[in-house]
Each structure stands twice: as structure tokens, then as C-alpha cells.
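Report on the structure given below.
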Amino acid sequence: MESDPIAGKDGAVPRARGIGISVALDGDGTCIAQARHLAADFLTRVHADHGLYVSQRAMDLTQLVVSELVTNARKYAPGPVLMELSIAGETVEVVVRDSDPVLPVARAADAGRVGQHGLEIVMAVAEEFEARREPSGKRITARLALAEPPTGRSTARRL
């Protein structure tokens, strides 16, 4: 199989328009760590190659959101996971697609519950959040500010 001449060493292929990557993640246990590394590399390149400011908070939260969304996709959907990262204005857009059409639902906050807080976390740190069914499963989108957000912002807007 020939390698794609525009793909990076990580196999991510730049999007045709704008600044972004799209990568299929295999279903093995390493894809969650791989997704976090791809997100960090993407934001590092956004800063280095395009001169866009990326705060440490954006770097950390993007990796957290990627980790939570890819973990959920691996846990609940058979088959590969598609992750897209792109710059949308002053935000980084994280899109995770999987084959399960069931939309996730954030559970009520419960400090005593062990686990299943991922969606709550994503919605708390994202500027915008959307879950949408698609013909082949679902698409989860979260947008995070590249710069420090205004103080007091703690919940996501629906896209």
C-alpha cells in the first residue's frame, strides 16, 4: 500500500480546506493514547506553522476531550473511530464519529458515582457541544477556545 504524500508521519491527512486533520483510529487499546498525541501534535503545528495562539489550557483540555470522546466511542461502538481536529475561528473543533447511532446522554451529577463522568466533563469544558445521528452512526462535536476563556464560563452551548 502506498503512503499518502501529504500525510504526516502520524498518518493524519490535512483537510482540503482550512486547518485540520482527519484520522481513522484502530479499535485496539492504544488508540486513545494515539488520539491524545495526535491532538497535542496538531495544536503544536497550528501554533508553529500558522502562528495561532494556543494556550496551555486549550492544549490540556483538547487532549482531555479527545480522550473522553474516543474512550466512549471505543467502549460503546464496534469498528473504527474517526477523529477530526480543525480550527474554527478562535476554537479547536474536535469531532469523533463512530458506528453506534445511540446518542450519549450526560447523567445527573453524582459525586458518589464511580466512572461515567466523561460526557459531563466534556460538556463542562467545551464552548459548544453537539451530538448528532448520521447514516452510519453518530458524530460528536466539541469546540474549545484556543485562548483563555472569559472567567465564569462553565457550561457548553449546544451547536
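General observations
- Residue check for Arg107: at pLDDT below 90, open to solvent by less than 50 Å² (accessible area, probe 1.4 Å) and charged (D, E, K, R): no
- Candidate set: region 110-149, residues that are farther than 20 Å from Leu82 by Cβ and open to solvent by 90 Å² or more (accessible area, probe 1.4 Å); chosen: the one modelled with the highest pLDDT: Glu148
- Positions within region 48-62 being more than 11 Å from Val92 (Cβ to Cβ) and either open to solvent by 80 Å² or more (accessible area, probe 1.4 Å) or touching a His at 6+ places or on another chain (Cβ under 7 Å) (or both), in sequence order: Asp49, His50, Tyr53, Gln56, Arg57
- Val81 passes every criterion in (1) surrounded by 20 or more Cβ atoms within 10 Å (Cβ to Cβ); (2) without any contact (Cβ under 8 Å) to a residue 12 or more places away in the chain apart from (2).
The values are calculated or read from the model by the stated rules, or taken from the named source; none is laboratory data. Keep in mind that what you see is a predicted model, and the values were worked out from it rather than measured. Because the Cβ atoms are built from the backbone with ideal geometry, glycine has one as well, and the counts that use them run over all protein chains shown. All accessible areas refer to the heavy atoms of the entire protein, side chains included, with ligands and DNA or RNA removed. Shrake-Rupley method; radii C 1.70, N 1.55, O 1.52, S 1.80 Å.
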